Amino acid sequence: MSYQDTNPRNEWPLWEIFIRGQHGMSHRHVGSLHAPDAEMAIKNARDVYTRRNEGVSIWVVEAEKITASSPSDKGPMYEPSQSKVYRHPTFFDIPDDVGAM
Amino acid sequence: MYAQMVKSENTDSGPELDAFQARIDAGEKIEPKDWMPAGYRKTLIRQISQHAHSEIVGQLPEGNWITRAPTLERKAILLAKVQDEAGHGLYLYCAAETLGVSRDELTEMLLDGRMKYSSIFNYPTLTWADIGAIGWLVDGAAIMNQVPLQRTSYGPYARAMVRICKEESFHQRQGYDIMMKMAQGSEAQKRMAQDALNRYWYPSLMMFGPSDKESVHSAQSMSWRIKINSNDELRQKFVDQTVPQAEYLGLTVPDENLRLDPETGHYKFSEPDWTEFFEVLNGNGPCNKERLEARNKAWDDGQWVRDGMMAHARKKAARAASAKVVAE
């Protein structure tokens, strides 16, 4: 099925927008917008999401291309790590005499 | 408010519903892919879109004065404000879209009158002081409603509201700044400021919607945490905050019954004319026709641009794909 068939209104596709707030930080998801292509998505993202100096870099990703985990998988996905407390440094008792570690 | 009299949907029942309500009661955020009752989804679509439509239609009364702002600085500021309103509309449409509707679908429902926008934008902006009054009163009233909505249960809506609230405070201050300038100006300017307050006071009170003490919809929306305070609560808060600001300007709130109740510390005030409110909501306000015509015209006139850009994007993608095949 072509895009036209699934999109009878000829609507611009949806893009998810990620912005690096300042140098040294990761890009963060800030929202989404519609644009005909990636180039326009960046231009629109600049107007919609950085009107007050919020960013130094923009990523745009077509929303359709994102694969997300399912909320119902939350248990099997994340519960196993709950029993592995030894992954955290605070699991180990180091005597004060040893000094900072 | 920007979303007035949003009807909430009755919903299914069962263990899933109980678990859902428990999540909300625990203060958890509901995210797009989570299970939610059909009524929650429908009510949210209605409420968020009405809010989005209000931001978009709200550009019209103020846009009216961009070319006639008294100084270049005022013009630049107003332009930035109106651009923010467009941005707010877009954040909200995107939040609504996570619920499974498309933005163009929502736009169509606004344009053919199936969906509403706030009653306040059906009043005309007759003088420059109206731009001050809108920023001060209308955006002030909007803030009252939007600040608590930052804690609403639906994640994308709450996050949109956080961005909006940050920007809304600039809007109210720019309005009050205009009012201060005019109230301290010539006699004619003072009269203009007073006239703007006279005309915008009651429509601003109407923004919160009629008393919802007995409304079933409000009760449902409140238990879903998509409505946080009652209309009356917010209206009272707005009056309490705004009256001293009017006094500072040396302007008179057009209400003979207005007085501070020393016992409660709250102002007593007259109710707006609710018949007028329902008339405006039903399409019979001073500017309803003009506003919808302007939105329809913008949509129709922009059709060739939207189509042209889509066609260009497809052509470019096809070229890039065939160039890749040749290279291989």
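Hey, can you tell me all the residues within segment B:153-168 that are away from chain A (no Cβ under 11 Å), within 21 Å of B:Arg41 (Cβ to Cβ), assigned to a helix (DSSP H, G or I) and touching a residue at least 40 places away in the same chain (Cβ under 8 Å)?
Scanning segment B:153-168 gives B:Gly155, B:Tyr157, B:Ala158.
Given B:Val305, B:Val280, which one is under 26 Å from B:Trp201 (Cα atoms) and β-branched (Val, Ile, Thr)?
B:Val280
Within segment B:112-131, take every residue that is over 17 Å from the mean Cα position of the chain (by Cα) and either in a helix (DSSP H, G or I) or buried (at least 24 other Cβ atoms within 10 Å of the Cβ) (or both) and give me the one that is farthest from the other protein chains (Cβ to nearest Cβ).
Restricting to residues being over 17 Å from the mean Cα position of the chain (by Cα) and either in a helix (DSSP H, G or I) or buried (at least 24 other Cβ atoms within 10 Å of the Cβ) (or both), the top hit is B:Ala129.
Show the residue pairs meeting these rules: Cβ distance below 6 Å; 6+ apart or different chains; first residue within segment B:303-328 and facing chain A (nearest Cβ under 8 Å); second residue modelled with pLDDT under 90.
Listed by first residue and then by second, the contacts come to B:Met310/A:Asn10.
Which one is nearest to the other protein chains (Cβ to nearest Cβ) among residues in segment A:54-65 that are closer than 30 Å to B:Ala318 by Cβ and in contact (Cβ under 8 Å) with a residue 12 or more places away in the chain? Full working, then the answer.
The first filter runs over segment A:54-65 and keeps only residues closer than 30 Å to B:Ala318 by Cβ, leaving A:57-65.
The next check asks that each one be in contact (Cβ under 8 Å) with a residue 12 or more places away in the chain; those that pass are A:57-64.
Working: A:Ser57: 19, A:Ile58: 15, A:Trp59: 16, A:Val60: 13, A:Val61: 14, A:Glu62: 11, A:Ala63: 9, A:Glu64: 13 Å.
Of everything passing the filter in segment A:54-65, A:Ala63 is nearest to the other protein chains (Cβ to nearest Cβ).
Quick one: in segment B:96-111, of everything that is of a type in the set (A, V, I, L, M) and within 18 Å of B:Val57 (Cα to Cα), which residue is surrounded by the most Cβ atoms within 10 Å (Cβ to Cβ)?
Initially, segment B:96-111 is screened for residues of a type in the set (A, V, I, L, M), giving B:96, B:99, B:101, B:106, B:109-111.
If we keep only those that are within 18 Å of B:Val57 (Cα to Cα) too, we end up with B:96, B:106, B:109-111.
Values: B:Ala96: 26, B:Leu106: 22, B:Met109: 17, B:Leu110: 22, B:Leu111: 17.
Among those residues, the one meeting the criterion is B:Ala96.
Can we say B:Asp104 is touching a helix residue (DSSP H, G or I) at 6+ places or on another chain (Cβ under 7 Å), part of a helix (DSSP H, G or I) and among the acidic types (Asp, Glu)? Give the derivation first.
Numbers: touching a helix residue (DSSP H, G or I) at 6+ places or on another chain (Cβ under 7 Å): no; part of a helix (DSSP H, G or I): yes; among the acidic types (Asp, Glu): yes.
Against the criterion (touching a helix residue (DSSP H, G or I) at 6+ places or on another chain (Cβ under 7 Å), part of a helix (DSSP H, G or I) and among the acidic types (Asp, Glu)), B:Asp104 does not qualify.
B:Arg291 passes all but one of (1) basic (Lys, Arg); (2) under 24 Å from B:Phe121 (Cβ atoms); (3) without any contact (Cβ under 8 Å) to a residue 60 or more places away in the chain; which number fails?
Exception for B:Arg291: condition (3).
Please find, within segment B:1-32, the residue that is farthest from B:Met207 (Cα to Cα) out of those that are modelled with pLDDT of 75 or more and charged (D, E, K, R).
B:Glu16
Name the single residue that is farthest from A:Lys65 (Cα to Cα) among those in segment A:23-41 being more than 11 Å from chain B (Cβ to nearest Cβ), without any contact (Cβ under 8 Å) to a residue 24 or more places away in the chain and in contact with a Phe, Trp or Tyr (Cβ under 9 Å, 6 or more places away or on another chain).
The qualifying residue farthest from A:Lys65 (Cα to Cα) is A:Ser26.
Residues B:Glu73, B:Glu16: which one is without any contact (Cβ under 8 Å) to a residue 12 or more places away in the chain, loosely packed, with under 14 Cβ neighbours inside 10 Å, at negative phi and assigned to a helix (DSSP H, G or I)? Walk me through how you get there before you give the answer.
Values: B:Glu16 fails: without any contact (Cβ under 8 Å) to a residue 12 or more places away in the chain.
None of the other options fit; the residue is B:Glu73.
Listed residues A:Arg51, A:Arg9, A:Arg87; which is of a type in the set (D, E, K, R) and more than 14 Å from every other protein chain (Cβ to nearest Cβ)?
Being of a type in the set (D, E, K, R) and more than 14 Å from every other protein chain (Cβ to nearest Cβ) holds for just one of A:Arg51, A:Arg9, A:Arg87, which is A:Arg87.
Could you list all residues from segment B:273-328 that are small (Gly, Ala, Ser) and over 18 Å from B:Asn64 (Cβ atoms)?
B:Gly283, B:Gly302, B:Gly308, B:Ala311, B:Ala313, B:Ala317, B:Ala318, B:Ala320, B:Ala321, B:Ser322, B:Ala323, B:Ala327 - these are the residues of segment B:273-328 that are small (Gly, Ala, Ser) and over 18 Å from B:Asn64 (Cβ atoms).
Tell me the residue from B:Asn288, B:Asn284, B:Asn257 that is over 30 Å from B:Ser186 (Cα atoms) and surrounded by fewer than 13 Cβ atoms within 10 Å (Cβ to Cβ), please.
The conditions single out B:Asn284.
For segment A:1-98, which fully contained helices (runs of 4 or more DSSP H) count at least 3 residues that are small (Gly, Ala, Ser)? Steps first, please.
Numbers: elements: A:3-6, A:38-49, A:74-78.
The qualifying helices (runs of 4 or more DSSP H) are A:38-49.
Suppose the filter is facing another protein chain (nearest Cβ under 10 Å), in a helix (DSSP H, G or I) and either modelled with pLDDT of 95 or more or buried (at least 19 other Cβ atoms within 10 Å of the Cβ) (or both); does B:Leu78 pass it?
Judged against the criteria, B:Leu78 is not a match.
Among (1) surrounded by fewer than 16 Cβ atoms within 10 Å (Cβ to Cβ); (2) outside any helix (DSSP H, G or I); (3) not polar (S, T, N, Q), where does B:Tyr2 come up short?
(1)
Is there a residue in segment B:37-52 that is within 12 Å of another protein chain (Cβ to nearest Cβ) and not in a loop (DSSP other than H, G, I, E, B)? Can you show your working first?
Taking segment B:37-52 as the starting set, the residues that turn out to be within 12 Å of another protein chain (Cβ to nearest Cβ) are none.
No - not one qualifying residue is present in segment B:37-52.
The values are calculated or read from the model by the stated rules, or taken from the named source; none is laboratory data. Please read all numbers here as calculations on a predicted model, not as lab measurements. Backbone-built Cβ (ideal geometry, glycine too); neighbour counts: all protein chains shown.
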